[in-house]
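Engineer: Sharing a structure below in structure tokens format, with a few things to ask.
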Amino acid sequence: MTTSTAGRPARVPQEERTRAMRARLLEATVECLVERGFSGTSTTLVSQRAGVSRGAQLHHFPTKNDLVVAAVEHLTEKRGAELAAAARDLPRGRRRTRAVLQMLDDHFTSPVFTAALELWVAARTDAQLLTAVGPLELRVGREIHRLTVELLGADESRPGVRELVQATLDLVRGLGLANTITDDRRRRTKILDQWATTLDLALQEDT
């Protein structure tokens, strides 16, 4: 514990305490979305899990929609940083394409994807939630597409390459969706192995 020169515990600045409290609320919200779904997530349950008073929680996030959208955005940014870190460790050469697909697979089977999926389903019939979730998902989708193009070394100025990259993302996202119902790891592995071979051939033909 940090102490002052007099040996007493140093006071944590209010801004830091607030940031830490918000982080606990956001992490607890994602946990609830993954475990209980959107309908089973409540602001009361989140505040209890985070160890934050209801008053403090309502001060920062007045509605459930405010809370869940902020939570998924928070975890998306965190996952984006993790993806960037994973990208730096990708191998070069023949194994790279398969490693890129595995990195994407890890992303689309992660808790943040499950939490985001809960919001997509809820937003279908909730105009207010859709207004908040829509721009976030567009931004996330563009960033993952950009990163995939960069990691694969794909030249999207050539005919069909952009569609090939998008098909890759649609494929891995769809496999991640299937994984929310049952552990589909073995089938996913075989499909991604084959798709890596297909993708390598297509991109080589393009060069």
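The values are calculated or read from the model by the stated rules, or taken from the named source; none is laboratory data. Given the structure is predicted, the values throughout are model-derived calculations rather than measurements. Here the Cβ positions follow ideal geometry from the backbone for every residue, glycine too, while neighbour counts run over all protein chains shown.
Engineer: Give the residues of the range 115-157 that are of a type in the set (D, E, K, R), closer than 25 Å to GLN102 by Cβ and not in a helix (DSSP H, G or I), sorted by residue number.
Structural biologist: Here is the first cut: in the range 115-157, the residues of a type in the set (D, E, K, R) are 118, 124, 126, 137, 139, 142-143, 146, 150, 155-156.
Among the residues that remain, those that are also closer than 25 Å to GLN102 by Cβ are: 118, 137, 139, 142-143, 146, 150, 155-156.
If the condition is that a residue be of a type in the set (D, E, K, R), closer than 25 Å to GLN102 by Cβ and not in a helix (DSSP H, G or I), then ASP155, GLU156 are the ones that fit.
Engineer: Can you tell me how many residues in the range 60-71 are of a type in the set (Val, Ile, Thr) and either in contact with a Pro (Cβ under 6 Å, 6 or more places away or on another chain) or surrounded by 15 or more Cβ atoms within 10 Å (Cβ to Cβ) (or both)? Even if it seems obvious, please write down each step before you answer.
Structural biologist: Restricting attention to the range 60-71, the residues satisfying the condition of being of a type in the set (Val, Ile, Thr) are 63, 68-69.
Of the ones still in play, those that are also either in contact with a Pro (Cβ under 6 Å, 6 or more places away or on another chain) or surrounded by 15 or more Cβ atoms within 10 Å (Cβ to Cβ) (or both) are 68-69.
Final tally of qualifying residues: 2.
Engineer: If I filter the range 60-72 down to residues being in a helix (DSSP H, G or I) and closer than 15 Å to ARG19 by Cα, which single residue comes out as farthest from the chain's Cα centre (by Cα)? Show your work before the answer.
Structural biologist: Initial filter on the range 60-72 (in a helix (DSSP H, G or I)): 60, 64-72.
Still in the running and closer than 15 Å to ARG19 by Cα: 60, 67, 70-71.
Numbers: HIS60: 22, LEU67: 16, ALA70: 12, ALA71: 10 Å.
The extreme case among them is HIS60.
Engineer: Still on this model: Do you know which residues across the range 107-136 are small (Gly, Ala, Ser) and more than 13 Å from the chain's Cα centre (by Cα)? Before the answer, list the steps.
Structural biologist: So the first thing to find is which residues in the range 107-136 are small (Gly, Ala, Ser), and the list is 110, 115-116, 122-123, 127, 132, 134.
Within the range 107-136, ALA122, ALA123, ALA127, ALA132, GLY134 qualify.
Engineer: Let me ask something else about it. Of all the residues that make up the range 103-114, how many are at pLDDT 85 or above, part of a helix (DSSP H, G or I) and buried (at least 17 other Cβ atoms within 10 Å of the Cβ)? Lay out the reasoning, then the answer.
Structural biologist: Taking the range 103-114 and keeping what is at pLDDT 85 or above, we get 103-111, 113-114.
Subsequent filtering for residues that are part of a helix (DSSP H, G or I) retains 103-108, 111, 113-114.
Remaining after also requiring buried (at least 17 other Cβ atoms within 10 Å of the Cβ): 103-105, 107-108, 113-114.
Residues meeting the conditions: 7.
Engineer: Mind checking whether some residue in the range 123-143 is surrounded by 19 or more Cβ atoms within 10 Å (Cβ to Cβ) and either closer than 30 Å to GLN204 by Cα or of a type in the set (D, E, K, R) (or both)?
Structural biologist: Scanning the range 123-143 turns up no residue that is surrounded by 19 or more Cβ atoms within 10 Å (Cβ to Cβ) and either closer than 30 Å to GLN204 by Cα or of a type in the set (D, E, K, R) (or both).
Engineer: Would you check which residues across the range 114-150 are touching a residue at least 60 places away in the same chain (Cβ under 8 Å), under 28 Å from PRO62 (Cβ atoms) and among the aliphatic types (A, V, I, L, M) and list them?
Structural biologist: Hits for the range 114-150 are ALA115, LEU117, LEU119, VAL121, ALA122, LEU129, ALA132, VAL133, LEU136, VAL140.
Engineer: Output the residues belonging to the range 165-183 that are of a type in the set (A, V, I, L, M, F, W, C) and at pLDDT below 95. It would help to see each step written out before you state the result.
Structural biologist: Pass one, the range 165-183, residues of a type in the set (A, V, I, L, M, F, W, C): 165, 167, 169, 171-172, 175, 177-178, 181.
Across the range 165-183, the qualifying residues are LEU175, LEU177, ALA178, ILE181.
Engineer: Condition first: over 27 Å from ASN179 (Cα atoms) and of a type in the set (Gly, Ala, Ser). Now tell me which residues in the range 49-106 satisfy that. Walk me through it before giving the result.
Structural biologist: First, pick out the residues of the range 49-106 that are over 27 Å from ASN179 (Cα atoms): 50-63, 66, 92-94.
Listed by number, the residues that qualify are ALA50, GLY51, SER53, GLY55, ALA56, GLY93.
Engineer: So, one more: Mind checking which residues of the range 83-102 are on the phi < 0 side of the Ramachandran plot, part of a helix (DSSP H, G or I) and surrounded by fewer than 15 Cβ atoms within 10 Å (Cβ to Cβ)?
Structural biologist: Restricting attention to the range 83-102, the residues satisfying the condition of being on the phi < 0 side of the Ramachandran plot are 83-92, 94-102.
Now restrict to residues that are part of a helix (DSSP H, G or I): 83-88, 94-102.
Residues satisfying the conditions are ALA84, ALA85, ARG88, ARG94, ARG95.
Engineer: Further question: Please give the number of the condition HIS74 fails out of (1) over 22 Å from ALA127 (Cα atoms); (2) surrounded by fewer than 21 Cβ atoms within 10 Å (Cβ to Cβ); (3) in contact (Cβ under 8 Å) with a residue 40 or more places away in the chain.
Structural biologist: HIS74 satisfies all of (1) over 22 Å from ALA127 (Cα atoms); (2) surrounded by fewer than 21 Cβ atoms within 10 Å (Cβ to Cβ); (3) in contact (Cβ under 8 Å) with a residue 40 or more places away in the chain except (1).
Engineer: Moving on. Looking only at the range 32-59, filter to residues that are in contact (Cβ under 8 Å) with a residue 40 or more places away in the chain and assigned to a helix (DSSP H, G or I); which one of those is surrounded by the fewest Cβ atoms within 10 Å (Cβ to Cβ)?
Structural biologist: VAL34
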